[in-house]
Amino acid sequence: MIVVKRLYTFMLQRFLPVLAMTFFICLFIVMMQFLFRYIDDLVGKGLGIGVVAELFGYAALTMVPTALPLAILLASLMTFGNLGEHFELTAMKSAGISLFRIMRPLIILIAAIAVGAFFFQNNVLPIAQTKMWTLLFSMRQKSPEVEIPVRSFYDQIPGMNMYVESKDLNTGMLSDLIIYDVTRGMDNSRIILADSGKISFTRDRSRIFLDLYHGELFENFQDRSMGFSTSGYMPFRRESFDEKQVYIPFDANFNRMDESGMRSQYIGKNVVELTAAIDSIQQKVDSIGQVYGTDLKEESYLGIPYYTREYRNHELVQVPQRPVQVKKGAVNLDSLFAGSSPSMARTYLNQAMAKVKRAQNDIEFRSVILTEEQKLMRRHDIERQKKFTLSFAVLIFFFIGAPLGAIIKKGGLGTPLVISVGLFIVYFIFDNMGYKMARDGKTDVGVGIWLSSMVLLPLGVLFTFKAVRDTNALDLDNYIRFFVRLFRIKSKRWRRNIKKKEVVIYTVENRTMLEAIDSFTAAMTERQEHIRRMNFIERPFRRIFNRSIMQQYENMISTVSYSDNNKVIETLNRFPLETADRHRRLVLSLCDELRQLLSTPQTNITDENGTEN
């Protein structure tokens with residue numbers, strides 16, 4: 001029990017620091033993406049450090065659902081890769097500890113993180129998103145800081161364009177100013193020329209104060225009530241001044257928007273509120289559809305009303321009519337205009353076209369209303385589904401990263417980072433694709449939002465299965481042999497390169513090697529007899545059932561490779577990498593050579609250079 005507790009403590013000590021490091025690295029990366037995306041809304045606004053820090057704090061909370069799965073994937077890959085690279089994982093397995101038992105403390109930890117991720121998505125994230133978007137929209141509406149450039153027109157002041165020839169950076173004095181003022185419209189524009197001037201703000205920062213020196217002012221007067229616009233000329237005013245003060249409305253303060261509007265949106269609601277909103281929107285959609293359906297059903301067609309009025313029990317009531325029996329056969333449209341003048345026929349057609357267009361516009365308007373309501377309902381449902389996807393993604397990425405790290409046995413930050421980024425790109429692509437399909441109504445919301453999880457779940461199951469069974473799922477030689485056999489590649493590069501083992505952990509006797517050779521040759525002979533008995537339907541599929549003989553083939557070569565006889569090793573290197581059935585005679589001949597070499601006692605002969613043969 002003490003050993004188990006020490007093992008659990010050891011695994012937590014190895015995993016938690018790596019998880020913290022990778023989480024902050026991933027969070028920093030996604031925060032840089034956020035900064036590059038919204039930097040135009042922040043630069044040049046004169047915002048204080050506290051406001052910008054507040055925005056980045058809320059943004060960091062909203063980026064947790066993106067950074068956490070990637071951090072868990074990278075941390076689990078690095079942890080189990082380091083354990084495998086330093087043979088610590090091998091030592092644990094040799095002591096009889098299974099991989100699931102090694103992963104048990106981390107599984108409990110990841111399960112706790114998944115539960116915490118749900119509560120974070122449900123309780124913390126709506127508040128953070130509400131505050132972040134409210135603050136960001138407030139920053140967008142803030143006017144930029146007045147920073148007059150030199151020798152170019154400045155148009156950031158609403159209704160004004162300003163040109164400055166030079167500027168004194170020490171005193172802030174501007175020289176050779178040209179100001180175009182169109183705040184009162186183009187017809188009543190003003191042009192101000194000044195030798196020098198200075199810009200400042202009022203105390204409440206709601207207006208710009210221009211103090212101009214030695215200049216002229218030209219101003220148009222366009223007053224339609226006086227009839228100047230129709231008399232062929234436009235009066236204007238010219239003024240020369242030594243000093244003039246101009247006030248321009250310009251709010252430079254940072255005004256926060258009210259959060260209530262953003263709080264009522266789908267991003268500011270938890271699961272309970274989203275469910276209630278979806279039910280409310282669904283009832284609204286159903287009621288609108290019922291009203292529209294009733295209107296279409298009760299619409300009069302061909303001048304025949306849907307209801308007729310009848311007296312029942314001395315009361316006038318509306319009674320739906322029975323379906324009208326329409327006479328079958330073609331209708332002669334020309335007869336409808338018989339006896340009418342051409343002008344009246346054109347009037348009939350215009351009235352009919354106008355009625356059809358009104359009906360079409362009415363149906364399109366109703367369709368737009370229903371489409372918008374359904375789109376709003378889908379957005380609420382998407383946000384509700386996303387409350388659960390983060391927790392599931394955390395579990396999936398752990399069961400991908402931990403077994404994969406145990407398989408590749410590569411620690412550090414290089415190989416795990418490459419694999420993590422590749423898997424996360426796949427996850428990100430399917431996640432965005434599913435989100436857009438669900439948002440646009442091209443697929444069900446549940447299918448679209450859970451698409452990325454459904455794609456990665458088989459990978460997690462596969463890697464976990466391979467890691468538990470200690471299979472070489474990522475052994476490059478296995479894939480090389482597969483393609484060599486598939487395309488029949490013949491090259492020295494893909495020949496066997498078995499070398500005499502310098503250090504032998506356990507000795508394999510010649511008798512064991514001979515038994516492995518005899519077992520393989522017997523299986524080959526039985527296999528050949530089975531192929532001969534196959535009919536013409538089974539023969540094309542014989543390669544599908546060739547896996548067992550190839551496994552015995554490789555096991556035999558692996559067993560004989562423990563021999564200390566150089567000639568045996570040379571003979572093993574002559575065995576083909578391709579399917580044994582295809583080279584049956586060569587393989588059986590080489591097996592006979594191995595029997596002869598292993599049955600003959602070995603004599604070590606030393607040549608002139610001191611090398612044993």
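The values are calculated or read from the model by the stated rules, or taken from the named source; none is laboratory data. Keep in mind that what you see is a predicted model, and the values were worked out from it rather than measured. Note that each Cβ is placed from the backbone with ideal geometry, even for glycine, and that neighbours are counted across all protein chains shown. The protein model used for the area step is the full one, side chains on, heavy atoms only, and it has no ligands, DNA or RNA in it. Shrake-Rupley method; radii C 1.70, N 1.55, O 1.52, S 1.80 Å.
Things to note:
- Any chance Thr22 is over 25 Å from Lys131 (Cβ atoms) and part of a helix (DSSP H, G or I): yes
- Scanning the stretch 67-101 for residues that are open to solvent by less than 50 Å² (accessible area, probe 1.4 Å) and under 32 Å from the mean Cα position of the chain (by Cα) yields a count of 19.
- Subset of the stretch 560-575 [under 53 Å from the mean Cα position of the chain (by Cα) and open to solvent by 20 Å² or more (accessible area, probe 1.4 Å)]: Tyr562, Asn573, Arg574
- Residue list for the stretch 485-528, restricted to those being open to solvent by 50 Å² or more (accessible area, probe 1.4 Å), part of a helix (DSSP H, G or I), over 15 Å from Phe575 (Cα atoms) and at pLDDT below 80: Leu486, Phe487
- Among the residues of the stretch 239-260, at least one is part of a loop (DSSP other than H, G, I, E, B), open to solvent by 60 Å² or more (accessible area, probe 1.4 Å), modelled with pLDDT under 80 and among the polar types (S, T, N, Q).
- Residue count for the stretch 422-461, restricted to those that are in contact (Cβ under 8 Å) with a residue 40 or more places away in the chain and among the aromatic types (Phe, Trp, Tyr): 4
- Taking the listed residues Gly422, Gly460, the one that is out of contact with any helix residue (DSSP H, G or I) (no Cβ under 7 Å at 6 or more places or on another chain) and assigned to a helix (DSSP H, G or I) is Gly422, with no other qualifying.
- Residues within the stretch 399-456 that are closer than 26 Å to Ile102 by Cβ, aromatic (Phe, Trp, Tyr) and within 13 Å of the chain's Cα centre (by Cα), tallied: 2
- Qualifying residue in the stretch 141-154 (condition: part of a helix (DSSP H, G or I) and touching a residue at least 12 places away in the same chain (Cβ under 8 Å)): yes
- Exactly one residue out of Ala75, Ala67 is out of contact with any Cys (no Cβ under 6 Å at 6 or more places or on another chain) and assigned to a helix (DSSP H, G or I): that is Ala75.
- Every residue from the stretch 174-190 that is under 16 Å from Lys244 (Cα atoms), open to solvent by less than 60 Å² (accessible area, probe 1.4 Å) and not polar (S, T, N, Q): Leu174, Leu177, Ile178, Ile179, Asp181, Arg190
- So Phe575, is it under 24 Å from Asn497 (Cβ atoms), part of a loop (DSSP other than H, G, I, E, B) and either at pLDDT 75 or above or not acidic (Asp, Glu) (or both): yes
- Cβ pairs under 8 Å, 6+ apart, first in the stretch 28-39 and in contact (Cβ under 8 Å) with a residue 40 or more places away in the chain, second aliphatic (A, V, I, L, M) and part of a helix (DSSP H, G or I): Tyr38/Leu136
- For Asn122, the criteria (1) in a loop (DSSP other than H, G, I, E, B); (2) among the polar types (S, T, N, Q); (3) surrounded by 12 or more Cβ atoms within 10 Å (Cβ to Cβ) hold in every case but one, which is (1).
Matching residues to (1) open to solvent by less than 70 Å² (accessible area, probe 1.4 Å); (2) at pLDDT 70 or above; (3) closer than 30 Å to Gly441 by Cβ:
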site: Ile304; (1), (2), (3): yes, no, no
site: Glu315; (1), (2), (3): no, yes, no
site: Arg322; (1), (2), (3): no, no, no
site: Ser335; (1), (2), (3): yes, no, no
site: Ser340; (1), (2), (3): yes, no, no
site: Met344; (1), (2), (3): no, yes, no
site: Leu349; (1), (2), (3): no, yes, no
site: Ala354; (1), (2), (3): yes, yes, no
site: Ile363; (1), (2), (3): no, yes, yes
